[in-house]
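*Asks:* Please find one structure pasted underneath; my questions will follow.
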Amino acid sequence: MDLDLPAEHALLRQTVRAYLADEVAPIVDRHERERRFPIEVVRQVGEMGWLGIPVPERWGGAGMDTLAYAVAVEEIARVWGSLALIVAAHTSLACGGLMLDGTDEQRDTFLTPMASGRVIGGYGLTEPGAGSDAGGTRTTARRDGDSWVIDGAKRFITNAGQAGTYVVAARTGTTAQGRAEVGAFIVPADSPGFSVGRLEEKLGLHASATGELHFDGVRVPAGNVLGDPAGGFRLFLRILDGGRISIGALALGLAQAALDAAIPYVRERKQFGRPIGSFEAVAFRIADMATEIEAARAMVWRAAWLRDRGREFGLAAAQAKLFASEVASRATNAALLSHGGYGYVDDYPVGRYLRDAKLTEIGEGTSDIQRLVIARQILDLRVS
Ligand SMILES: Cc1cc2nc3c(=O)[nH]c(=O)nc-3n(C[C@H](O)[C@H](O)[C@H](O)COP(=O)(O)OP(=O)(O)OC[C@H]3O[C@@H](n4cnc5c(N)ncnc54)[C@H](O)[C@@H]3O)c2cc1C
């Protein structure tokens with residue numbers, strides 16, 4: 001067993017870290033305050049090849065693996081949660097769907113522009129009435145000659161209004177048992193009848209875009225279905241398995257950022273004539289953060305490692321996402337409390353880390369849903 005990062009991954013980590021520190025860190029606060037999508041940075045990140053890290057070079061990607069991607073997302077999140085979410089939704093969810101079930105022709109047309117950073121991707125599963133219960137999808141796709149016609153709406157979609165290509169779930173029929181049959185459709189943003197609705201005002205991740213998608217008789221060619229038009233639900237679940245590794249990595253980056261901020265602060269800040277880090281209550285918070293972060297990183301890397309070896313990784317990904325996101329919430333909260341009143345004002349970044357971390361307990365399946373996924377796999381109970 002070798003727990004060292006391979007040299008190629010360590011180099012990627014160092015390169016991403018240096019770029020973020022030099023080019024990105026100075027503009028984060030302004031973009032967050034102004035709630036401005038960092039389009040220039042996303043373009044640069046695309047030019048560096050980081051919008052397609054796990055995508056084969058044949059389709060415009062960097063040809064690296066899931067572990068490399070997880071390492072990069074963690075580094076990005078250490079500096080900017082919003083940018084990490086933009087990259088994660090684009091890569092794991094939009095590119096991920098095409099990587100899993102796209103034909104070579106679909107990949108040439110849609111994946112290559114995304115993985116090479118020319119087009120941003122989005123992924124539309126959630127609807128007003130279909131969140132944790134994605135089977136409640138109401139958006140429909142009806143076959144009409146050589147096309148599919150999509151009607152309905154999506155909610156809470158990352159990269160809404162910025163993406164040029166969306167991978168979208170729509171109901172194509174109903175099984176004999178009354179369950180929804182769902183297809184995965186590739187929808188270019190310039191399709192007639194497609195529009196972006198309200199963009200959300202959020203608790204955190206202010207520079208990322210989260211919004212509604214509307215489909216009003218949107219016609220896409222029959223060739224824009226990913227895999228089986230009735231079997232898309234399974235595809236979406238597989239996409240989410242992969243996405244959970246990146247949300248785990250994002251959570252890890254936020255937790256690490258919180259620890260990085262807390263350590264120098266508690267060493268320097270003096271009360272009662274001593275550094276506050278010398279008080280056991282404060283020091284133990286740091287010890288817990290550091291310990292939990294190590295455990296979360298081991299879980300995220302293990303899930304990526306399993307996937308990269310073609311092994312079953314869904315359980316490990318759900319466990320990593322569940323644990324890392326809860327660690328992120330605890331660590332960012334601990335960092336904020338360790339800053340006292342200074343943690344509550346905007347001069348220090350720990351408040352942003354805490355706000356951003358909450359999303360990791362919600363997106364791509366809430367913690368309750370991760371526990372359901374984990375328990376079902378462990379208990380293997382079939383309840384109708
Ligand atoms: C910033 C942001 C970005 C997002 N980006 C995307 C995106 O790009 N694409 C996309 O498709 N979606 C996206 N989402 C949506 C996200 O995946 C959903 O919000 C999430 O899956 C939860 O669904 P919901 O909000 O409808 O909550 P609900 O499903 O209504 O859940 C509410 C509460 O009930 C609990 N609950 C529900 N069902 C059960 C159950 N069976 N057992 C136990 N507890 C349960 C939940 O855990 C939660 O605590 C995003 C959301 C946010 C906030």
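The values are calculated or read from the model by the stated rules, or taken from the named source; none is laboratory data. Predicted model, so just to flag it, every value in this text is computed and none were measured. Here Cβ is always computed from backbone atoms with ideal geometry, including for glycine, and neighbour counts include all displayed protein chains.
*Asks:* Would you confirm whether or not segment 243-256 contains a residue that is within 30 Å of Gly173 (Cα to Cα) and touching a helix residue (DSSP H, G or I) at 6+ places or on another chain (Cβ under 8 Å)?
*Replies:* Yes, that holds for at least one residue.
For every residue, the table says whether it meets (1) charged (D, E, K, R); (2) more than 20 Å from Glu364 (Cα to Cα); (3) surrounded by 21 or more Cβ atoms within 10 Å (Cβ to Cβ); (4) touching a Pro at 6+ places or on another chain (Cβ under 6 Å).
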residue	(1), (2), (3), (4)
Glu181	yes, yes, no, no
Ala189	no, yes, no, no
Arg198	yes, yes, no, no
Glu201	yes, no, no, no
Ser208	no, no, yes, no
Leu213	no, no, yes, no
Arg219	yes, yes, no, no
Leu237	no, no, no, no
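*Asks:* So, restricting to strands (runs of 3 or more DSSP E) that lie completely within segment 72-167, which ones have at least 2 residues that are out of contact with any strand residue (DSSP E or B) (no Cβ under 7 Å at 6 or more places or on another chain) and more than 13 Å from the ligand (Cβ to nearest atom)?
*Replies:* 140-144
*Asks:* Which condition from (1) within 25 Å of the chain's Cα centre (by Cα); (2) more than 24 Å from Ala222 (Cβ to Cβ); (3) not in a strand (DSSP E or B) is the one that Gly178 breaks?
*Replies:* The number of the failed condition is (1).
*Asks:* Something else: Against the condition assigned by TED's automatic domain parsing to the domain that holds Met114, surrounded by 15 or more Cβ atoms within 10 Å (Cβ to Cβ), part of a loop (DSSP other than H, G, I, E, B) and not small (Gly, Ala, Ser), how does Leu51 come out, does it pass?
*Replies:* The answer is yes for Leu51.
*Asks:* Name the pairs: first residue in segment 363-377 and farther than 24 Å from Arg155 by Cβ and in contact (Cβ under 8 Å) with a residue 40 or more places away in the chain, second residue of a type in the set (D, E, K, R) and within 8 Å of the ligand (Cβ to nearest atom), Cβ to Cβ under 7 Å, at least 6 apart or on different chains?
*Replies:* none
*Asks:* For segment 323-337, does any single residue satisfy the condition of being away from the ligand (no atom under 16 Å from the Cβ), touching a helix residue (DSSP H, G or I) at 6+ places or on another chain (Cβ under 7 Å), part of a helix (DSSP H, G or I) and over 19 Å from Ala77 (Cβ atoms)?
*Replies:* yes
*Asks:* Is at least one residue of segment 362-380 of a type in the set (Ser, Thr, Tyr), crowded, with 24+ Cβ neighbours inside 10 Å, under 16 Å from the mean Cα position of the chain (by Cα) and within 16 Å of the ligand (Cβ to nearest atom)?
*Replies:* Looking for residues that are of a type in the set (Ser, Thr, Tyr), crowded, with 24+ Cβ neighbours inside 10 Å, under 16 Å from the mean Cα position of the chain (by Cα) and within 16 Å of the ligand (Cβ to nearest atom), one finds none in segment 362-380, hence no.
*Asks:* Further question: All but one of (1) farther than 24 Å from Ser195 by Cβ; (2) assigned by TED's automatic domain parsing to the domain that holds Ala207 hold for Ile150; state the number of the condition that does not hold.
*Replies:* For Ile150, the exception is condition (1).
*Asks:* While we're on this one: Pick from segment 343-353 the residues that are away from the ligand (no atom under 15 Å from the Cβ), part of a helix (DSSP H, G or I) and touching a residue at least 24 places away in the same chain (Cβ under 8 Å): which of them is surrounded by the fewest Cβ atoms within 10 Å (Cβ to Cβ)?
*Replies:* Here the residue is Val350.
*Asks:* Which residue pairs have Cβ atoms under 7 Å apart, sit 6 or more places apart or on different chains, and have a first residue in segment 191-215 that is more than 17 Å from Tyr123 (Cβ to Cβ) and a second that is more than 12 Å from the ligand (Cβ to nearest atom) and in a loop (DSSP other than H, G, I, E, B)?
*Replies:* His206/Arg35; Ala207/Arg35; Ala207/Arg36; Ala207/Phe37; Ala207/Pro38
*Asks:* Does Glu312 satisfy being part of a helix (DSSP H, G or I), not assigned by TED's automatic domain parsing to the domain that holds Val79 and not β-branched (Val, Ile, Thr)?
*Replies:* So Glu312 does not fit the description; no.
*Asks:* Any idea how many residues of segment 104-134 are outside the structural domain of Ser195 (by TED's automatic domain parsing) and free of Cβ contacts under 8 Å to residues at least 24 places away in the same chain?
*Replies:* 2
*Asks:* Given the structure, is Thr172 more than 16 Å from the ligand (Cβ to nearest atom), crowded, with 16+ Cβ neighbours inside 10 Å, modelled with pLDDT of 95 or more and polar (S, T, N, Q)?
*Replies:* Spelling it out, Thr172 is indeed more than 16 Å from the ligand (Cβ to nearest atom), crowded, with 16+ Cβ neighbours inside 10 Å, modelled with pLDDT of 95 or more and polar (S, T, N, Q).
*Asks:* Given the criteria surrounded by 15 or more Cβ atoms within 10 Å (Cβ to Cβ), away from the ligand (no atom under 13 Å from the Cβ) and among the acidic types (Asp, Glu), does Glu312 qualify?
*Replies:* So Glu312 fails the test.
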